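A quick write-up on the structure given underneath.
The values are calculated or read from the model by the stated rules, or taken from the named source; none is laboratory data. Being a predicted model, the structure only gives us computed values, none of them experimental. Note: ideal-geometry Cβ built from the backbone for every residue, glycine included; neighbour counts use all protein chains shown. Each accessible area value is taken on the protein alone, full model and side chains, heavy atoms only, with ligands, DNA and RNA left out. Shrake-Rupley method; radii C 1.70, N 1.55, O 1.52, S 1.80 Å.
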Amino acid sequence: MALLEVTDLRTHFFTRAGLVRAVDGIDFSVEKGKTLGIVGESGSGKSVTALSIMRLLPTPPAQIVSGSIRFDGRELTTLSERQLEDVRGRQIAMVFQDPMTALNPTLTIGTQIVEVLQRHLDLDRHSARRRAVGLLEEVGIPRAADRLDDYPHRFSGGMRQRVVIAIAIACEPRLLIADEPTTALDVTVQAQVLDLLDDLRRERDMAMILITHNMGVVAESADDVAVMYAGQIVEQASAHELFRNPEHPYTEALLAALPDLDDTRARERRLAAIPGRPPDLIDPPAACRFAARCAYAGCADSCTVEPPALRELRPGHWVRTAHPASEREAVAT
Amino acid sequence: MNEPLLAVSNLKVHFPIRHGLLFDRTVGHVKAVDGVSFEIPEGQTLGLVGESGSGKSTTAYAALQLLRPTAGSVRFAGRELTELRGEQLRRLRREMQIVFQDPYASLNPRMTVGRIVAEPLQTHGIGTRRSRRAAVGTLLELVGFDPAYTNRYPHEFSGGQRQRIGIARALALNPKLIVCDEPVSALDVSIQAQILNLLKDLQRELGLTYLFIAHDLAVVRSMSDTIAVMHEGVIVEQGPAERVYTRPESDYTRALLAAVPVPDPERMQERKAERRRLAATV
Amino acid sequence: MSATEIAGRMAGVEAGAPIRQSSLWQDAWRRYLRNRGAVAAGIVFLLIVVWCVVAPILSPHDPNRIYFPDAYQGPSWSHPFGTDQFGRDLFTRAALGGRISIGIGFGATVAILLIGVVYGAVSGFVGGKLDNGLMRFLDALYGLPYLPFAILALAIIGTVNFWTMVVALSIASWFITARVVRGQIITLKENDYVRAAKAVGVRWYAILGRHLLPNTLGVLVITIFLELPGVILGEAFLSFLGLGINPPDASWGAMAQDGRDAYRAHPHIIIIPSLAIATLVLCANFIADGLRDALDPRTRET
């Protein structure tokens, strides 16, 4: 059984302008010790997915209207706020995008780590501090013992993100959700932080959900990848399979739209831009949500009228489109 | 005529660090840009890459005289900009424009799209009110923005559309040089490609010269003829894009290139190994 | 990222079309209308102003006619607020007093804004040594007690009338406004659209007038209603001390002063102007609160 199983999750926002279907029926699971990458552009619902699992969305306006989130066999959607407090930080921890606001500037980093340790584990102050030093060493902060009583502003962005990670892993959570953990960082620092997360996951046999807009980041760090578009998962497969044989027209288009670092003719080439922009989630089309921008959806197609179902094209490779790449080629030849 | 359109040499921008209760006194300097030199031939693009705080934006502002450089020379179309003052500089500004990173902060929220794009023309007293309105329509069409929305306000549009408005404003005075300061880093991948293509098309059609600043190395490669890599206020490597990307000479460039995550899991191990090797040497 | 932002970013339609249709002021107005307290305060405020303007015109009573047989009457049909010790109709007089109180209040507030905006804008826009000097000067003035300074100003000017009251009340109360405007200008100056305007060669006065000042408007509207209560209370205080407008003209403060002698036997004479002042000040505070919420983009609707 998978560590985390999400079935038919729907998170909607009840706003003045209307009902925003931010997450609209997604299924995925995360195995123990594995990393699931969730990629998507802004507004695709990837962050809302993460916050739904943590039940950190303000209600109202957000509400999980249906679906189940089972963590280690336990249903999270029906837990009370008090029960959730014992899950958050202890069982499931989260790393946010902005390391500048994730730490309280008025407390030393030592205080902030010790606080989490004492909240969830039965430790006295002294052993909690000893443990904090160990954690800081583990995330690669030099002279950890000396820096325990420093305030966050004394650390650079990358170092702060390491501290945030140290706090997240302090109670040995079994699932770590990282929401754009490297977006605010420079590329050299990004590489280091990703490597760190990967090492920690392996050493601690922790599961991880890595949420990002960056295709390169998921390719490097994820075992499995789910591509989100307009509140739905449109394609899901192992990272190798997804990047080698992308099936969904959106995934293909996203990869084609990226400038290639190793393309010697990049200067002359135009990029394959995706026309238009994602649909309004207040009143999404009843048909395939990508149809309006899809190069393969003809006007006589069923997919412009009714939504295609998520289907398993090959073992472990799920796709939600009427025009997967492999079937297109079959038709052409 | 072989003189480059823009020639920057030994450019320095130092910011004083001030302290004091009643009267400030200077206690030191931050050397944001410390002796930068480059040239851009007409019609070409120089890509300026670097991480945050490397001084790349400051270099651009100083080149445009939006910020007076502490030392050095900026020659634009054969004229020394650092010596120009007031009206002379104002007139020359028509020739060089800038596109910013944040499409939310770069457009005045209290002005309509039409007024924003017309402002450069109005400022330089070009045309009548009516001919300016026509020009705005043409400019907006050129950047792929529907002129029907001329009387709308910028906050009504998405990031990509706003960036198009910013580009139309930069084009209004028919400039020779456009500084693109991280023009796509706030945009989603699919929109980013649209804007990069637009910039490429405009360059070809209008013969524009670009100083293209970005932190994304793949984006810079797709736009640039030559590359300058900045680190801590100095250019650590400079050369034709092809050469810099395939045979980087400086360790910093090598580390930067190795750090870029590539959407290809097959090459992950090889790139991680390269990263570790570099980390050991640097 | 807040939930509302997430929800906002999810909205999007056809390529190129606006993603939402709205104007900044209309949005603010809608948010204001949703704040019941602020709307009620706004209506009461308007009613008071209308009463002040209209009542003296329509009233059958001459507000300044002294007629002792009518003195000290309680509220009745012909005199809804009763009469004072000279037999003058308080309903009419209170409206007239309101004209003066509110008039001086708005006059002084406008003066505060003018001085504050000019001082703050110059300081923030020019920056550097001038900014430093102007701000240190402001620091020095900051310590001045506001009312004693107003009394001193009146003494120096010598005469007391509507305009000298405006001067006295505004002369020592524009410091906060100046500081707020300076802060706004400095923040706005960092926006790329200001840099873009400079890059285009827009002249300094157009940058100030077109790109900076219009964007401080929201704050200025709030400032009007934040400053107004202070000024109206100040005027009332001065008049109560007998340092205000000369009889037979009267502001609310002066009317309250008139009622002081007989406050035990005829409390309505002091209560009516005091209530008027309190209501107006309370309304202004509520309106300022509502405006602040309405104009602050961070309090976006959910």
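Here A:P142 fulfils each of the conditions (1) of a type outside the set (S, T, Y); (2) assigned to a helix (DSSP H, G or I); (3) surrounded by fewer than 14 Cβ atoms within 10 Å (Cβ to Cβ) apart from (2).
Of the helices (runs of 4 or more DSSP H) entirely within segment C:117-203, those holding at least 3 residues that are open to solvent by 40 Å² or more (accessible area, probe 1.4 Å) occupy C:128-142, C:146-157, C:162-171, C:175-189.
Of the listed requirements (1) within 9 Å of chain B (Cβ to nearest Cβ); (2) surrounded by fewer than 23 Cβ atoms within 10 Å (Cβ to Cβ); (3) within 24 Å of A:E312 (Cα to Cα), A:D195 misses just one: (3).
One residue stands out among those in segment B:137-159 that are in contact (Cβ under 8 Å) with a residue 40 or more places away in the chain and not in a loop (DSSP other than H, G, I, E, B): the one that is nearest to C:A196 (Cα to Cα), which is B:P154.
Can you tell me which residue is surrounded by the most Cβ atoms within 10 Å (Cβ to Cβ) among those in segment B:242-282 that are at the interface with chain A (Cβ under 9 Å from one of its Cβ atoms) and among the β-branched types (V, I, T)? Among them, the one singled out is B:V262.
Whenever a residue of segment C:203-224 is more than 7 Å from chain B (Cβ to nearest Cβ), its partners that are open to solvent by 40 Å² or more (accessible area, probe 1.4 Å) and among the β-branched types (V, I, T), lying with C-beta atoms within less than 7 angstrom and at least six residues away or across chains, give the pairs C:V219/C:V180; C:T223/C:V180. Can you confirm whether A:E180 is at pLDDT 90 or above and of a type in the set (D, E)? So A:E180 passes the test.
Residues of segment B:119-135 that are more than 11 Å from every other protein chain (Cβ to nearest Cβ) and in contact (Cβ under 8 Å) with a residue 24 or more places away in the chain: B:I126, B:A135. Counting only residues that are more than 10 Å from chain C (Cβ to nearest Cβ) and hydrophobic (A, V, I, L, M, F, W, C), which one in segment B:148-177 is surrounded by the most Cβ atoms within 10 Å (Cβ to Cβ)? Among those that are more than 10 Å from chain C (Cβ to nearest Cβ) and hydrophobic (A, V, I, L, M, F, W, C), it is B:I167.
Listed here are the residues, each with its yes/no results for (1) within 14 Å of another protein chain (Cβ to nearest Cβ); (2) open to solvent by 50 Å² or more (accessible area, probe 1.4 Å).
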position	(1), (2)
A:L254	yes, no
A:D262	yes, yes
A:R269	yes, yes
A:A273	yes, no
A:R293	yes, no
A:S302	no, yes
A:E306	no, yes
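Residues in segment B:194-208 include at least one that is outside any helix (DSSP H, G or I), in contact (Cβ under 8 Å) with a residue 60 or more places away in the chain and in contact with a Lys or Arg (Cβ under 9 Å, 6 or more places away or on another chain). Among the criteria (1) more than 14 Å from every other protein chain (Cβ to nearest Cβ); (2) in contact (Cβ under 8 Å) with a residue 40 or more places away in the chain; (3) surrounded by fewer than 24 Cβ atoms within 10 Å (Cβ to Cβ), the one C:E227 does not fulfil is (3). Of the residues that make up segment A:43-65, is at least one closer than 27 Å to A:L254 by Cβ, open to solvent by 10 Å² or more (accessible area, probe 1.4 Å), of a type in the set (S, T, N, Q) and within 14 Å of chain B (Cβ to nearest Cβ)? Yes, segment A:43-65 has at least one match.
Say whether the condition of being closer than 30 Å to B:T253 by Cα and buried (at least 24 other Cβ atoms within 10 Å of the Cβ) is met by at least one residue in segment B:86-96.
Yes, segment B:86-96 has at least one match.
Checking the conditions here, which among C:L33, C:L47, C:L58 is surrounded by 13 or more Cβ atoms within 10 Å (Cβ to Cβ) and either at pLDDT 70 or above or within 14 Å of chain B (Cβ to nearest Cβ) (or both)? It is C:L33.
Only one of B:V27, B:V13 is touching a strand residue (DSSP E or B) at 6+ places or on another chain (Cβ under 8 Å) and either open to solvent by less than 60 Å² (accessible area, probe 1.4 Å) or part of a loop (DSSP other than H, G, I, E, B) (or both); which? Testing whether each residue is touching a strand residue (DSSP E or B) at 6+ places or on another chain (Cβ under 8 Å) and either open to solvent by less than 60 Å² (accessible area, probe 1.4 Å) or part of a loop (DSSP other than H, G, I, E, B) (or both) leaves just B:V13. Going by the conditions given, is A:D98 assigned to a helix (DSSP H, G or I), in contact (Cβ under 8 Å) with a residue 12 or more places away in the chain and charged (D, E, K, R)? No. Looking at this structure, is C:A71 in contact with a Leu (Cβ under 7 Å, 6 or more places away or on another chain) and open to solvent by less than 30 Å² (accessible area, probe 1.4 Å)? So C:A71 fails the test. Which count do you get for residues in segment A:199-208 that are closer than 16 Å to A:P181 by Cα and buried (at least 18 other Cβ atoms within 10 Å of the Cβ)? Residues that pass the stated criteria total 4. For segment B:222-241, taking the residues that are outside any strand (DSSP E or B) and over 14 Å from the mean Cα position of the chain (by Cα), the one that is nearest to the other protein chains (Cβ to nearest Cβ) is identified as B:S222.
Checked across segment C:80-90, the condition of being assigned to a helix (DSSP H, G or I) and surrounded by fewer than 12 Cβ atoms within 10 Å (Cβ to Cβ) holds for no residue.
Is segment A:150-166 home to any residue that is open to solvent by less than 40 Å² (accessible area, probe 1.4 Å), without any contact (Cβ under 8 Å) to a residue 12 or more places away in the chain, closer than 29 Å to A:S44 by Cα and assigned to a helix (DSSP H, G or I)?
No - not one qualifying residue is present in segment A:150-166.
Please enumerate the residues belonging to segment A:71-97 that are more than 21 Å from A:A168 (Cα to Cα) and either crowded, with 16+ Cβ neighbours inside 10 Å or touching a Ser or Thr at 6+ places or on another chain (Cβ under 7 Å) (or both). Result: A:E75, A:T77, A:L79.
Checked against the criterion of being surrounded by fewer than 17 Cβ atoms within 10 Å (Cβ to Cβ) and away from every other protein chain (no Cβ under 14 Å), segment C:251-260 contains one or more residues that satisfy it.
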